[in-house]
Amino acid sequence: LILLDSLLQEKIPSFIGKMENIGKCFLCDKECDDKCPHCEDVFSCSDDHLQVHRKDKKCLPWVVKFQEGVGRILVASRDILPFELIMKDDPLVIVQDNMRDLCVNCQHKIE
């Protein structure tokens, strides 16, 4: 019994230490052990996902989670400052003033 107790005391702390270094990727929810080296708030399973998290040399303040009945949602991973930019996306369509009378799809003049 004493031998078993001493073995457990050696193995359990190292097992718990390993569990703290395993998490789920902030973007795809895949188990991984790589934390962001800059903020250490999120895990990422690949360099591509880490690049999504670390845009413009700044870590994004959110993670993707799955919520039953809703699907994938964004959840804050840290406090977000007032007026802090949390997401930037490219527009699907850009319409200039001189193009207001043109069809966005085919570029023909609308009468």
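The values are calculated or read from the model by the stated rules, or taken from the named source; none is laboratory data. Because the structure is predicted, anything quoted here is derived from the model rather than measured. All Cβ positions, even for glycine, are placed from backbone atoms using ideal geometry, and neighbour counts span all protein chains on display. These accessible areas exclude ligands, DNA and RNA; they are computed on the full protein's heavy atoms, side chains included. Shrake-Rupley method; radii C 1.70, N 1.55, O 1.52, S 1.80 Å.
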From the list 78, 72, which one is under 18 Å from the mean Cα position of the chain (by Cα), closer than 30 Å to residue 37 by Cα and in a loop (DSSP other than H, G, I, E, B)? 78
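Among the listed residues 29, 34, which satisfies the condition of being at positive phi, within 16 Å of the chain's Cα centre (by Cα), surrounded by 13 or more Cβ atoms within 10 Å (Cβ to Cβ) and at pLDDT 55 or above?
Values: 34 fails: at positive phi.
Result: 29 is the single residue among 29, 34 that is at positive phi, within 16 Å of the chain's Cα centre (by Cα), surrounded by 13 or more Cβ atoms within 10 Å (Cβ to Cβ) and at pLDDT 55 or above.
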Test each condition in (1) open to solvent by 100 Å² or more (accessible area, probe 1.4 Å); (2) under 11 Å from the mean Cα position of the chain (by Cα) for residue 41 and report the one that comes out false. (1)
Would you say residue 93 is without any contact (Cβ under 8 Å) to a residue 24 or more places away in the chain, farther than 18 Å from residue 29 by Cβ and surrounded by 11 or more Cβ atoms within 10 Å (Cβ to Cβ)? no
Sort through 72, 54 and tell me the only one that's open to solvent by 40 Å² or more (accessible area, probe 1.4 Å) and touching a residue at least 12 places away in the same chain (Cβ under 8 Å). 54
